[in-house]
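First comes the structure, then the notes that go with it.
The values are calculated or read from the model by the stated rules, or taken from the named source; none is laboratory data. Not measured: the values here are computed from a predicted model. Glycine also receives a Cβ, built like all others from the backbone with ideal geometry; neighbour counts cover every protein chain displayed. Accessible surface areas use protein heavy atoms only, side chains included; no ligands, DNA or RNA. Shrake-Rupley method; radii C 1.70, N 1.55, O 1.52, S 1.80 Å.
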There are 2 protein chains.
Amino acid sequence: MEKPYVIGIDIGGTNTVFGVVDARGTILYSDSIKTGQYEDINDYVSALATGLEGVIAKAGGKDQIKGIGVGAPNGNYFNGSIEFAPNLPWKGKIPLAQLISDKTGGIPVTLTNDANAAAIGEMTYGAARGLKDFIVITLGTGVGSGIVIGGNLVYGHDGFAGELGHVIMRRENGRICGCGRHGCLEAYASATGVARTARELLINRTEDSLLRALEPEKITSKEVAEAAEKGDALSKEIFEKTGEILGEAFADFIAFSSPEAIILFGGLTKAGNLIMDPIKRSMDKHVLKVFEGKTKLLFSQLKESDAAVLGASALGWEVKE
Amino acid sequence: MEKPYVIGIDIGGTNTVFGVVDARGTILYSDSIKTGQYEDINDYVSALATGLEGVIAKAGGKDQIKGIGVGAPNGNYFNGSIEFAPNLPWKGKIPLAQLISDKTGGIPVTLTNDANAAAIGEMTYGAARGLKDFIVITLGTGVGSGIVIGGNLVYGHDGFAGELGHVIMRRENGRICGCGRHGCLEAYASATGVARTARELLINRTEDSLLRALEPEKITSKEVAEAAEKGDALSKEIFEKTGEILGEAFADFIAFSSPEAIILFGGLTKAGNLIMDPIKRSMDKHVLKVFEGKTKLLFSQLKESDAAVLGASALGWEVKE
């Protein structure tokens, strides 16, 4: 009989959240541990295994679990390792999929990076059900991407494909990016990029704005969205600029893989039409004629609190029995 | 028994060249007709069919032919049509694969654009044998691309993916492109783009150059290459600038699909290391750290005179019997 459940594990710098998921994308049992608390990877895996035993027991034991999927920063699908993840406590290459499988009595474990997990999640349970060619763009602290072509996730020859946060959007006087280069999409369209645009506008412009009541260095994209929703013109302009640059980038992505949809995922999507409308206008303006009006722009359909675990869990179904 | 031959048809604005090809990529019999001579598509297909009958007869009859592959500008793999090709005599959508199949007694016909045909040709007979993730960039009158991911050509949801000549490389004061937009890669890295760079440098600069003996409006990329080979500093600088921009573009392509190789194809590759060296320097300088040193830059291994027919013919092997 087909095993009815999978487990999704979302590894973040602060928390590791995991849950047992059924075929319809419902998280039945979940729990979490603190990632940052375990400096030794073996201690971390032991604590994680203990947590997993708890939810597996509730689900009726490990014979009910088809596979475990892990979404992790810098996760490599090909070898199941986390490689040089700057925001995790463990350095170098960590063969995490193997470590987890060993500690859970041999349940098959598949691992990929968080944006790829989001793309598989959308395809399995979300906005991309039935789509074979689409791109998920994650707009959070950074900008990530999961690219699906012909129904398959694009891993590239080394497992690291889909770094669309690091295409260069401004080749002259581009902002410095966390990657050390200048002008990356991520430097403009991430939550921190939006906050940075806010600070720039507040300095370079003189008009009144609700944002002027805030301490500039601590402004967040959430506060900009709130001000924009209240009608603050400068805040709306910040989203306009962010959407403009995203739309330019999407026009280039479309020239590459001609996706049926681009799906927006992550914290910044809470801004709703404040971010969607300017992206759409910019994309329509910049796209090559042959692609005009063809690529849909969609928001993720995964519930935000569950999305990361669901996305990771979707990998669990890929296991061949 | 497996049929031993395929036919490749390369449709250009001036000539249509076709040939019978064996499994090792040898063109056994070939012929051509003048594309531009036939304003009516039916007359064209009749003339083509007559030409094909000739080479098919030499090959031992149509039972020896597994399939026909066609490379054509604006060719759509999904529906076998040429759609709104600006440099061909026939307007609108032409169901060319069907028309050719009907006129050749039902031999299966597969059609795609010329850059995709080049990519399949490299994979079947050329520099990409054994590779599953690579991009062919065609540097000719325009800049085209054929993208292979996981061993499959990327067609996108509409059959038009792989327009990498039309990613935007210069968003401020970008050159006008044939597509009507500004700053496209093609406006800089095509043969006409190189000639344009030559004219710009000759106007903006004062130093001596072999190119000053030529009529500016008629300078070709071939003449720039010849001057550069003779040691002309300004001409070398033209290739340096062209390579710089191609390397920047390739760094972005690598962030998308992380290919094992990027293969250069077409007229401009005759410049050899004059173009390859600056591309490589620029790509290495601009690529994201995780991809450093991973993607090979190669020249096409298809003989230039045969490449287009070979590329198209490779599609013929895809037919399922």
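From the residues in segment A:263-282 that are outside any helix (DSSP H, G or I) and open to solvent by 10 Å² or more (accessible area, probe 1.4 Å), which one is farthest from the other protein chains (Cβ to nearest Cβ)? My answer is A:Gly272.
Taking the condition in contact with a Gly (Cβ under 6 Å, 6 or more places away or on another chain), within 12 Å of another protein chain (Cβ to nearest Cβ) and within 27 Å of B:Leu302 (Cα to Cα), does B:Ile168 pass? Taking the combined requirement at face value, the residue does not satisfy it.
Among the residues of segment B:283-300, write down those that are surrounded by 22 or more Cβ atoms within 10 Å (Cβ to Cβ) and within 14 Å of chain A (Cβ to nearest Cβ).
Of everything in segment B:283-300, those that are surrounded by 22 or more Cβ atoms within 10 Å (Cβ to Cβ) and within 14 Å of chain A (Cβ to nearest Cβ) turn out to be B:Met283, B:Val287, B:Leu288, B:Thr295.
Summed over segment A:10-31, residues that are within 17 Å of A:Met123 (Cα to Cα) and of a type in the set (Ser, Thr, Tyr) total 1.
Among the residues of segment A:94-111, those that are part of a loop (DSSP other than H, G, I, E, B) and touching a Ser or Thr at 6+ places or on another chain (Cβ under 9 Å) comprise A:Pro95, A:Ile107, A:Pro108. Is it the case that segment B:200-223 has a residue that's out of contact with any strand residue (DSSP E or B) (no Cβ under 9 Å at 6 or more places or on another chain), open to solvent by less than 70 Å² (accessible area, probe 1.4 Å) and within 14 Å of chain A (Cβ to nearest Cβ)? No, that holds for no residue. Just to be sure before I move on: is A:Ala255 more than 11 Å from every other protein chain (Cβ to nearest Cβ) and aliphatic (A, V, I, L, M) in the structure I sent? So A:Ala255 fails the test. Does any residue of segment B:301-308 turn out to be over 23 Å from B:Glu226 (Cα atoms), surrounded by 21 or more Cβ atoms within 10 Å (Cβ to Cβ) and not aliphatic (A, V, I, L, M)? Yes, the conditions are met somewhere in segment B:301-308. Scanning segment B:126-142 for residues that are closer than 16 Å to B:Thr192 by Cα, touching a strand residue (DSSP E or B) at 6+ places or on another chain (Cβ under 7 Å) and open to solvent by 10 Å² or more (accessible area, probe 1.4 Å) gives a single hit, B:Thr138. From the list B:Glu260, B:Glu244, B:Glu229, the lone residue that is closer than 28 Å to B:Ser305 by Cβ, open to solvent by 20 Å² or more (accessible area, probe 1.4 Å), within 12 Å of chain A (Cβ to nearest Cβ) and touching a residue at least 12 places away in the same chain (Cβ under 8 Å) is B:Glu260.
Only one entry of B:Glu318, B:Glu237 meets the criterion of being away from chain A (no Cβ under 14 Å) and either open to solvent by less than 10 Å² (accessible area, probe 1.4 Å) or not in a helix (DSSP H, G or I) (or both), and that entry is B:Glu318.
Against the numbered list (1) away from chain A (no Cβ under 14 Å); (2) out of contact with any Phe, Trp or Tyr (no Cβ under 9 Å at 6 or more places or on another chain); (3) among the hydrophobic types (A, V, I, L, M, F, W, C), B:Phe134 comes up short only at (1).
Looking at segment B:80-125 only, could you name the residues that are farther than 17 Å from A:Val290 by Cα, of a type outside the set (Asp, Glu), open to solvent by less than 10 Å² (accessible area, probe 1.4 Å) and within 15 Å of the chain's Cα centre (by Cα)? Residues satisfying the conditions are B:Leu111, B:Ala117, B:Ala118, B:Ala119, B:Ile120, B:Gly121. Return the residue satisfying two criteria in turn: it lies in segment B:143-159 and is at the interface with chain A (Cβ under 10 Å from one of its Cβ atoms) and of a type outside the set (A, V, I, L, M), and of such residues it is most open to solvent (accessible area, probe 1.4 Å). Looking at residues that are at the interface with chain A (Cβ under 10 Å from one of its Cβ atoms) and of a type outside the set (A, V, I, L, M), I get B:Asn152. Annotation: B:Cys179 fulfils all but one of (1) at the interface with another protein chain (Cβ under 8 Å from one of its Cβ atoms); (2) closer than 20 Å to A:Arg171 by Cα; (3) touching a residue at least 12 places away in the same chain (Cβ under 8 Å); (4) not polar (S, T, N, Q); the unmet one is (2).
Listed here are the strands (runs of 3 or more DSSP E) enclosed by segment B:1-79 that have at least 3 residues being open to solvent by 10 Å² or more (accessible area, probe 1.4 Å) and within 27 Å of B:Thr141 (Cα to Cα): B:27-34.
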